[in-house]
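Bear in mind these aren't lab numbers, they're just calculated from the coordinates by the rules spelled out. Just so it is clear, the model here is predicted, and its values are computed rather than measured.
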Amino acid sequence: MDAEHGMSAAGTARRQLLQKAALLLGVFTTSRARAAPCAPPDEANSGLRKSLNYTESSPNPAQRCSGCSFFSDPQGDCGRCMIFSGPTSVNGHCDSWAARG
Ligand code: SF4
């Protein structure tokens with residue numbers, strides 16, 4: 001094998017490695033996007049969500065968690081609810097919704 005052919009083979013191998021890495025990164029980010037990021041952290045929290053009729057998708061677009069005074073720390077599609085002391089969807093809603101002042 002001459003030097004030019006060796007460098008070409010190394011370039012091809014590097015390209016293939018980068019393509020595989022990009023593919024894996026795409027699969028990883030897609031699977032993260034599909035995950036349920038706002039799942040209740042524990043059973044007690046789950047009961048509270050249920051009693052307040054929490055839903056991940058508000059039936060009223062004007063009353064989403066993102067516009068609630070108890071909502072904080074938005075990160076992507078999730079944030080934190082002070083009442084639940086846990087994660088909630090930016091598009092969620094519950095009976096305790098209160099307009100952000
Ligand atoms: S209190 Fe507000 S932020 Fe918390 S779940 Fe209910 S609507 Fe969403």
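In this structure, the amide hydrogen of residue 90, modeled 1.01 Å from its nitrogen in the peptide plane, lies closer than 5 angstrom to those of 78, 79, counting only residues at least 5 positions away or on a different chain.
Using C-alpha pairs under 8 Å with a sequence gap of at least 6, the mean separation divided by the residue count of region 43-89 gives a relative contact order of 31 percent.
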